[in-house]
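Step one of this worksheet: look at the structure below.
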Amino acid sequence: MNTTDAANKLGVSTKTIQRWVKQLNLPASRNELGHYFFSNDDIAVLEDVKEQLKNGTPMQDVIVKRPTTSFLINKNDSVQPKEPEHLSDIFEEKLQRFLQHEQFERELLQKKIAELERKLEQKADDVVSYQLLQQRRELEEERQQIKTLEQKIRELESSSIEKELPPRREEKPKRRFKSIFSF
């Protein structure tokens, strides 16, 4: 039975069947074109998955009950029984996937940490640059204020010196009075 037939039998879409097979590692054989081919045992497993999901079980918590035998389709379209997998092989395969996933997560985490450290250093550099520019601007303003104050001090000093000196009186020429009695 192909994917479309299995989807029609279960009352779900073909994409749903494909997603279940991939996410849950369900037993599904492929033909020579790479299309899924489902046996009656495979359909029973899919029905069980559908029932668990219908009852509210999250996808990651679905328990897959695998049949003891399944079948492969070879190029001559003859059905051949596939050897049952041993629990230790299944465990070993899942352990390897878990370790690979764990290694991938570690590498991803290290990349994220390195990127965050780079961004943090860049941000620190930006902050220091901003602070330096701000201090430079403040220093320039203070220099300008000092120049203004110096100019005012000079003006005040020059005006106070002028005030301290008594004003110059203009000397009037002395008049000599001649008396009318003088000869």
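Mind counting the residues in segment 19-37 that are in a helix (DSSP H, G or I) and touching a strand residue (DSSP E or B) at 6+ places or on another chain (Cβ under 7 Å)? First the steps, then the outcome.
Narrowing segment 19-37 to residues in a helix (DSSP H, G or I): 19-24.
Adding the requirement that they be touching a strand residue (DSSP E or B) at 6+ places or on another chain (Cβ under 7 Å) leaves 21.
Going through segment 19-37 one residue at a time, the tally reaches 1.
Only residues that are free of Cβ contacts under 8 Å to residues at least 40 places away in the same chain and farther than 11 Å from VAL64 by Cβ: list them for segment 20-29, please.
Within segment 20-29, LYS22, ALA28 meet the criteria.
Scan VAL45, VAL12 and give me the residue that is part of a loop (DSSP other than H, G, I, E, B), at pLDDT 80 or above and out of contact with any Gly (no Cβ under 8 Å at 6 or more places or on another chain). Talk me through it step by step, then tell me what you get.
Numbers: VAL45 fails: part of a loop (DSSP other than H, G, I, E, B).
Checking each option against the conditions leaves just VAL12.
For the structure I just gave you, tell me whether LEU139 is surrounded by 10 or more Cβ atoms within 10 Å (Cβ to Cβ), out of contact with any Asp or Glu (no Cβ under 7 Å at 6 or more places or on another chain) and at pLDDT below 95.
Working: surrounded by 10 or more Cβ atoms within 10 Å (Cβ to Cβ): yes; out of contact with any Asp or Glu (no Cβ under 7 Å at 6 or more places or on another chain): yes; at pLDDT below 95: no.
When the stated conditions are applied, LEU139 does not pass them.
The values are calculated or read from the model by the stated rules, or taken from the named source; none is laboratory data. If you're wondering where the values come from, they're calculated on a predicted model, not measured in any experiment. Don't worry about glycine lacking a Cβ; one is built from the backbone with ideal geometry, like all the others, and counts go over all protein chains shown.
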